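The values are calculated or read from the model by the stated rules, or taken from the named source; none is laboratory data. Source: prediction; values computed, not measured. Virtual Cβ from ideal backbone geometry, glycine too; neighbours counted across all protein chains shown. Quick note on the areas: whole protein, heavy atoms, side chains included, nothing else; ligands and nucleic acids left out. Shrake-Rupley method; radii C 1.70, N 1.55, O 1.52, S 1.80 Å.
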There are 2 protein chains.
Amino acid sequence: METFEAIRKRCSLKTHLSKRAIESDKVNLILDAARLAPSASNMQPWRFVLVQEEKAIDELATAFNETNQEVREAPLLIVICAREEDDVTRNGKPYYLFDAGLAVENLLLAATDLGLVTHLILSFDEGEIKRILEIPDEYRVVLATPLAYPAEPSYDEAAKERLRDRTRKDLGEITHYGKWGSGGPV
Amino acid sequence: METFEAIRKRCSLKTHLSKRAIESDKVNLILDAARLAPSASNMQPWRFVLVQEEKAIDELATAFNETNQEVREAPLLIVICAREEDDVTRNGKPYYLFDAGLAVENLLLAATDLGLVTHLILSFDEGEIKRILEIPDEYRVVLATPLAYPAEPSYDEAAKERLRDRTRKDLGEITHYGKWGSGGPV
């Protein structure tokens, strides 16, 4: 798939997920894409916990908000962790979060390219996730996402609707030229 | 370009930049890609300041570390800003940084896809950048990057070398299966 197609098609969907297992070579392609993201001083703070057992997924989902319970249908949940000390902090900005974002976007686009569905989850009981997955104290849970094949054909309609209803600020609202507050040739 | 090719080819290079102006439709494609990134509750905290005048670029570059002065050669610098209050903060994790990372990775991949060069800069005098670009107090400067055509043919050799020398942790070092500390089928 073309880069721009993946960027435009990527959307968060937690419904119409197939239980079909995901081939491990696809999972590895996706993790490899995440791994290739840049990071401050190449510190690569990202860590991934993959949860595949149905029982383990059910347990993990108890730490997610009610609105995200549909992700139990997925054959795989990926939990993205990082710790502040594995990255730089500049003027109070902890770049482990920024760098995790770079890697996660690669992960999301790679999944989209391979026809897989993701959904960004950041409403969760972090302490519970850490307890369940035995994540060391100093690591932070940044995000979780299901990774699933779409349940066809119902998924297609949901994705079409999701993309149609997608709202983003206009470029004019988020872009400044030369100095803050100056419009430009958009 | 295929998504995986863009992910694999993207690298930070600040040398061998052409002064050739970048067509505004390409700039807009790249900003549009950034804009399509997901964010917590779709809050879209990212803001972009584009600096194109040679004199303005020279002034901005005075706020960058010595190691990044080569980016003065670029025809365009993009400064990415965001503020914490435009996003959620969970358990002390300010997601404006994570979400900025998602958008920036889209920007980097879109640029790569269009044959353009980027370089992540986060070593700078933030106060100076804010003063020069008149960025409001509450916004943070997260990153700057040049956007440039490569100066052919010398760029190709530099990029080849850069990719060849790239080091990333093995998947086994960053991936856990089922629980933290457990190896898997990688």
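Within segment B:30-48, the set of residues being more than 8 Å from chain A (Cβ to nearest Cβ) and at positive phi comprises just one member, B:S41.
Residues that are touching an Asp or Glu at 6+ places or on another chain (Cβ under 9 Å) and more than 10 Å from chain B (Cβ to nearest Cβ) were ranked within segment A:62-85; the one that is nearest to A:E105 (Cα to Cα) is A:R83. Within segment A:133-172, the residues that satisfy the criterion of being within 9 Å of another protein chain (Cβ to nearest Cβ) and charged (D, E, K, R) are A:E134, A:R140, A:R166, A:R168, A:K169, A:D170. Is it the case that segment A:30-42 has a residue that's farther than 28 Å from B:S12 by Cβ, out of contact with any strand residue (DSSP E or B) (no Cβ under 8 Å at 6 or more places or on another chain) and free of Cβ contacts under 8 Å to residues at least 24 places away in the same chain? Scanning segment A:30-42, I find no residue that is farther than 28 Å from B:S12 by Cβ, out of contact with any strand residue (DSSP E or B) (no Cβ under 8 Å at 6 or more places or on another chain) and free of Cβ contacts under 8 Å to residues at least 24 places away in the same chain, so the answer is no. In segment B:3-21, the qualifying residues are those that are of a type in the set (V, I, T) and under 19 Å from B:A103 (Cβ atoms), and the one that is nearest to the chain's Cα centre (by Cα) is B:I7. Of the residues that make up segment A:16-23, is at least one at pLDDT below 95 and touching a helix residue (DSSP H, G or I) at 6+ places or on another chain (Cβ under 9 Å)? There is at least one residue in segment A:16-23 that is at pLDDT below 95 and touching a helix residue (DSSP H, G or I) at 6+ places or on another chain (Cβ under 9 Å). Here segment B:139-165 is the region considered, the condition is being more than 19 Å from A:G101 (Cα to Cα) and of a type in the set (D, E, K, R), and the residue that is modelled with the lowest pLDDT is B:E152. As a summary of the residue check, B:L102 satisfies the conditions (1) within 24 Å of A:Q44 (Cα to Cα); (2) more than 7 Å from chain A (Cβ to nearest Cβ); (3) not small (G, A, S) except for the one numbered (2).
For every residue, the table says whether it meets (1) among the hydrophobic types (A, V, I, L, M, F, W, C); (2) more than 19 Å from B:A34 (Cα to Cα).
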residue	(1), (2)
A:Q69	no, yes
A:L77	yes, yes
A:C81	yes, yes
A:D86	no, yes
A:N91	no, yes
A:Y96	no, yes
A:D99	no, no
A:L109	yes, no
A:I121	yes, yes
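Within segment B:1-50, the set of residues being open to solvent by 30 Å² or more (accessible area, probe 1.4 Å) and hydrophobic (A, V, I, L, M, F, W, C) comprises B:M1, B:A21, B:L29, B:M43.
If we scan segment A:83-103, do we find a residue that is within 19 Å of A:T67 (Cβ to Cβ) and open to solvent by less than 10 Å² (accessible area, probe 1.4 Å)? Looking for residues that are within 19 Å of A:T67 (Cβ to Cβ) and open to solvent by less than 10 Å² (accessible area, probe 1.4 Å), one finds none in segment A:83-103, hence no.
Taking the criterion of being open to solvent by less than 10 Å² (accessible area, probe 1.4 Å) and assigned to a strand (DSSP E or B), the residues of segment B:116-144 that qualify are B:V117, B:T118, B:I121, B:V141, B:V142, B:L143, B:A144. Looking at segment A:166-175, can you tell me whether even one residue there is closer than 23 Å to A:V27 by Cα, out of contact with any helix residue (DSSP H, G or I) (no Cβ under 6 Å at 6 or more places or on another chain) and either modelled with pLDDT of 95 or more or surrounded by 11 or more Cβ atoms within 10 Å (Cβ to Cβ) (or both)? No, every residue in segment A:166-175 fails to be closer than 23 Å to A:V27 by Cα, out of contact with any helix residue (DSSP H, G or I) (no Cβ under 6 Å at 6 or more places or on another chain) and either modelled with pLDDT of 95 or more or surrounded by 11 or more Cβ atoms within 10 Å (Cβ to Cβ) (or both).
Does A:D113 count as farther than 21 Å from A:E53 by Cα, without any contact (Cβ under 8 Å) to a residue 12 or more places away in the chain and either within 11 Å of another protein chain (Cβ to nearest Cβ) or open to solvent by 30 Å² or more (accessible area, probe 1.4 Å) (or both)? When the stated conditions are applied, A:D113 does not pass them. Among the conditions (1) at the interface with chain B (Cβ under 7 Å from one of its Cβ atoms); (2) in contact (Cβ under 8 Å) with a residue 60 or more places away in the chain; (3) open to solvent by 40 Å² or more (accessible area, probe 1.4 Å), the only one that A:E53 does not satisfy is (2).
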